[in-house]
Protein chains: 2
Amino acid sequence: MASIHCDVAVIGAGTAGMSAHRVAQRAGKKALLIEAGDYGTTCAREACMPSKLLIEAANRAHDVARAGAFGIEVPAGTRINAQAVLERVRSERDRFVGSVLDQIAGIPKELHLRARARFVGPNTLELDDGRTVEARAIVVAAGSSAWLPDSVKAVADRLMRSEDVFNLEQFPASLAIFGPGVVGLELGQALQRLGTRVSFFSPLAELGNVSDALIRDVVLDVLGESMAFRLDCARLEALPAADGGVCVRWCGPDGQAKEQHFERLLVTTGRRPAIAALGFEHTGLALADNGVPLFDHHTMQCGTSSIFLAGDVSGEHMVLHEAADEGRIAGDNAVRYPEVRGHLRRTPLSIVFTDPQMAVVGRRFVDLNPDQIEWGESSYDNQGRARIMGKNAGKVRVYASRETGCLLGAELFAPGAEHTAHLLAWAVQAKLSAFEALQKSFYHPVLEEGIRSALRNLSDRLHLTPDIANFGLRYGPGA
Amino acid sequence: MASIHCDVAVIGAGTAGMSAHRVAQRAGKKALLIEAGDYGTTCAREACMPSKLLIEAANRAHDVARAGAFGIEVPAGTRINAQAVLERVRSERDRFVGSVLDQIAGIPKELHLRARARFVGPNTLELDDGRTVEARAIVVAAGSSAWLPDSVKAVADRLMRSEDVFNLEQFPASLAIFGPGVVGLELGQALQRLGTRVSFFSPLAELGNVSDALIRDVVLDVLGESMAFRLDCARLEALPAADGGVCVRWCGPDGQAKEQHFERLLVTTGRRPAIAALGFEHTGLALADNGVPLFDHHTMQCGTSSIFLAGDVSGEHMVLHEAADEGRIAGDNAVRYPEVRGHLRRTPLSIVFTDPQMAVVGRRFVDLNPDQIEWGESSYDNQGRARIMGKNAGKVRVYASRETGCLLGAELFAPGAEHTAHLLAWAVQAKLSAFEALQKSFYHPVLEEGIRSALRNLSDRLHLTPDIANFGLRYGPGA
């Protein structure tokens, strides 16, 4: 069969792959984009976009149910029309996918290869249609796929993965969710607000994206009011029930065996790099324990090879904005190889769109050396603007280097965290101290004032606050 | 009568005065707080806090009415219970006022003077109870009061000022608002969403806080869908109507005389420094045209005197966070006089809590030299997250120095502007260029990506964007 020669071959036409391919193409290189599956990104097809659409509907339903507290009297009988909810989710999702397909359509046809690729040498890919690709450099942007634990093997025929939720026709009356991580919590709370009884199960204690137990405990308190959390489960397993549903068995921390029936099971136990069929073993690259080649975060280069990683396949971030960056970096260096250059990376930022929202900024608490940091915190339980909104629950903790005073990171579970986390991420990237961040503008009354309280607490604890800053009126009413 | 001697006398126990008094007291000075009126700040009693409470209820009503678009079917007959709406507004407002009163209660009784003060010399105040105060330094934090134009003189007995709205028992069926400024737009839209038919009247063309006509035009388009705007009116006047209501007469831009009847009139034509009875003419200070002494923005000192201004009385910002800062600065320098020191000020930030929200960051567009700046803009009409939320309307414009590339300011009319304006204010204060701001973290899908689009546009227009940044995939779907 034919052997195709090119400058840059990109495996995978998702966000990272499209980004890398575009860089190489614009640099005047012959760049091939190899994709076996459907076009359209994970983000648009099955993750960020449809989940935000479902969450929006769920939060509307929640707000309608609580409008009475604000003097807005809604007659009994509000109906959650699942078909209508999901129709909006799907039609808007398809519109977002359509915008991706338009980008794909802009790539000349001869640069697309519709095939599955695997390495047979460091510069050689074998396609499943028998052809071979020889490339000066190769960008691997093969994405990720859902990982299923052994505990759900017995119900493989009836479990849902996250993307299946958007293709439901009705919301289930009851739902077990294995994996209270980022996606599980988002979809779980959305479905709960749309009328489903939701229970989470996990052999671990973690929730969402936060690593600070003091934040996690507040998450459990607040979300635990409307959903059940079975954490630290032993011998967790899901079994088929006779009625087509699922029977979950587990041992709680008390050691007692328990069993509960659910209409459906949603498995959100995370995604893993989609590397199974890539043949990395034929590249000569050093591989990490998870089978992904060792790579440099700033160049995306694997060792000193002409192979570059981009996006979810690296197993590092699995968020869209990093995938787009990594595609750009990998594409740039694939073009420049062997003269690669490092690119500065952004401050890590991870957001869970629950209500309240969770966010992790910069270094995770668990990755910081407790002897080298100071923290500051504030509660949203009585924060002024949050109180006005009827959303006064949550907590924020910020971390700084004890030596330099610079902000290192933050973990949040608070209303509006998607916004305040951006402020904190920008402050971390600018290497501001808490005291410097406090010199910035804070309006009143805003949710950002809750962040200010945490920064003030941190600044005080570092003894960085000059007397004068403490002397004035620290806050307006309800800051 | 007795003459009272002290180190620092503070006229006015609002946000600025309390802040100044606290600084002086903590510095070990004998500091008197002189207040004739009720305690509690403008913010808590009649402005920021109750207006945000009313707006919250109004937005809930609005969201209930539009829930159907998300698949949440609310039966006909939603009732806006004005008593319940206003009861929550008042009880939460009173709680915020209570927190201010608690702060006041913490000040030793002998340091309060319940009297009206006027200057009889640069260091001497005469109180309306006949006593005299001799002070080494005096902080004037007398606040502001609503200003009423001649056009409403004939209906002085029946007009409402902003604070009267919170003490209503029913919302009027129809309302004329004189003054589509910050407060007028906030309260007007809130009342419109609570069932009132609202018409704005102004002899001017300005709306809210924005000065850029390209933003203002979008404000007019969007808010004009639900409220009437009679701008550039000639011969505008309000007259008493026989039924107890108000008859508004004006000439439109077409020169035709018009007349319309309203149940109530709300006058929100702005606030002026409350200086009438202060006797500044006895201080020997140079006065500006508006009667306020000339002062230094960084020291709050009037000339080289021992008199300092703080808060609304300066006529400068009239927002809480600046008042608190100015109290701190004035208090510090009253203590240190004559060795005053300058304090760095924050980037100006002004927010109007309409939907979409308006915000002005840094230098207003109208105050920038068009020959020296470059701009960037983006629309929210199809912004991804805004679309998901069903709030895709608005526009953002950012301004930078053509010479240095540094961001100077921004004007926004966009969903979530209260949050994104903070990001921009921090960026302006850090003297970032648009390109530098683009190196910061932006999650997906978020409203902040609309700001990124404007920054990207600005960066492109300044030719500051390196090729590589353009080469990669610029955005996720619907950014």
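With R₀ fixed at 60 Å, the C-beta to C-beta distance from B:ALA286 to A:THR404 puts the FRET efficiency at about 0.85.
In chain B, the DSSP beta bridges split such that about 60 percent are antiparallel, to the nearest 5. Using a 7 Å projection from Cα along Cα-to-Cβ, the label point at B:SER3 is separated from the same position in the remaining copies by 10.5 nm, smallest value first. In this calculation the C-beta distance from A:ALA213 to A:HIS298 is compared with R0 = 30 Å, giving a FRET efficiency of 0.40. Listed by chain and number, the aspartates and glutamates placed with their C-alpha closer than 16 angstrom to that of B:LYS29 are A:ASP467, B:ASP7, B:GLU110, B:GLU134, B:ASP332, B:GLU339; residues fewer than eight positions away on the same chain are left out. Between amide H atoms placed 1.01 Å from N, distances below 5 Å from A:ASP381 occur with A:GLY394, all of them 5 or more places distant or on a separate chain. Secondary structure note: in the protein assembly as shown, about 60% of the DSSP beta bridges are antiparallel. Kirkwood radius for the stretch B:267-425, taken over all pairs of different Cα atoms as the inverse mean of 1/r, rounds to 18.0 Å.
Since only B:HIS463, B:ILE329, B:GLY270 are under comparison, the one whose Cα sits farthest along the positive direction of the charge dipole of chain B, derived from C-beta charges on Lys, Arg, Asp and Glu, is B:ILE329.
Considering the stretch B:1-128, its Cα convex hull presents a mean projected area of 11.3 nm².
For the stretch A:82-159, the spread of Cα positions along the three principal axes, ordered from largest to smallest, is 50, 39, 20 Å. Once the convex hull of all Cα atoms in the stretch B:349-462 is built, its volume per residue stands at 85 Å³.
Chain B residue nearest by beta-carbon to the axis mapping B to A, with distance in Å: B:HIS419, 2.
Grab the beta carbon distance between A:THR132 and A:LYS153, set R0 = 30 Å, and tell me the FRET efficiency rounded to 0.05. Calculated transfer efficiency: 0.20.
Projected over all directions and averaged, the alpha-carbon convex hull of the stretch A:130-189 occupies 7.6 nm². The orientation-averaged projection of the convex hull spanning the C-alpha atoms of the stretch A:252-318 amounts to 7.7 square nanometres. Its alpha carbons considered, the stretch B:150-270 gives a radius of gyration followed by a Dmax of 13.5, 41 Å.
Sorted fewest first by neighbouring Cβ atoms within 10 angstrom, A:LYS30, A:LYS52, A:LYS109 come out as A:LYS109, A:LYS30, A:LYS52.
The ellipsoid equivalent to the alpha-carbon distribution of the protein assembly as shown has semi-axes of 53, 31, 29 angstrom, derived from the gyration tensor eigenvalues as √(5λ) and listed largest first. Other protein chain C-beta atoms within 10 Å of residue C-beta, averaged over A:315-325: 4.
Its DSSP H runs of at least 4 residues, each contributing -39,500 (n - 2.57), put the calculated 222 nm mean residue ellipticity of chain B at -9000 deg cm²/dmol, to the nearest 500.
In order along the stretch A:59-76, the phi-based Karplus estimate (6.51 cos²θ - 1.76 cosθ + 1.60, θ = phi - 60°) of 3J(HN,Hα) comes to 5, 5, 4, 4, 5, 4, 5, 10, 5, x, 5, 9, x, 9, 9, 9, x, 4 Hz; Gly and Pro are listed as x.
Taking amide H as placed 1.01 Å from N in the peptide plane, the amide H of A:ALA274 sits under 5 Å from that of A:GLY143, A:SER144, A:SER145, each at least 5 places away or on another chain. The phi-based Karplus calculation (6.51 cos²θ - 1.76 cosθ + 1.60; θ = phi - 60°) puts the 3J(HN,Hα) values of the stretch A:224-237 at x, 5, 10, 9, 8, 10, 9, 9, 6, 6, 9, 6, 6, 7 Hz, whole numbers, x for Gly and Pro. Each residue of the stretch B:382-394 is assigned a 3J(HN,Hα), and the resulting list reads 9, 5, x, 5, 4, 5, 4, 7, x, 10, 8, 8, x Hz, derived from the Karplus form 6.51 cos²θ - 1.76 cosθ + 1.60 (θ = phi - 60°), x at Gly and Pro.
Take B:GLY77, push a point 7 Å out from Cα through the beta-carbon direction, and compare it with the same point in every other copy: 0.6 nm, smallest first. Annotation: amide H of B:ILE177 within the under-5 Å range of B:SER199, B:PHE200, B:PHE201, B:LEU266, sequence separation 5 or more or interchain, hydrogens built in the peptide plane. Taken about its Cα centre, the protein assembly as shown carries a charge dipole of about 60 debye when Lys and Arg each add +1 at the Cβ and Asp and Glu each add -1 at the Cβ.
For the stretch B:150-270, give the share of DSSP beta bridges that are antiparallel, in percent and rounded to the nearest 5; count only bridges with both residues there. Here the share of antiparallel DSSP bridges comes out near 45 percent.
For B:LYS30, a cut-off of 17 angstrom between C-alpha atoms picks up these lysines, skipping any fewer than 8 places away in its own chain: B:LYS109.
Along its three principal directions, the equivalent ellipsoid of the stretch B:318-373 from the Cα gyration tensor extends over semi-axes of 30, 18, 6 Å, largest first.
A viscosity of 1.567 mPa s and a temperature of 4 °C, combined with the Kirkwood radius over C-alpha pairs in the Stokes-Einstein formula, give chain A a diffusion coefficient of 53 µm²/s.
Straight Cα distances below 12 angstrom link B:LYS258 to the aspartates and glutamates B:GLU237, with same-chain residues fewer than 8 positions distant left out.
For B:ARG197, the distances from its label point to the matching points in the remaining copies are 5.0 nm, ordered from shortest, with each point set 7 Å beyond Cα toward Cβ.
None of the figures in this text is laboratory data; all of them are computed from the coordinates on show. Just so you know, these numbers come straight off a predicted model, no measurement behind them. Because the Cβ atoms are built from the backbone with ideal geometry, glycine has one as well, and the counts that use them run over all protein chains shown.
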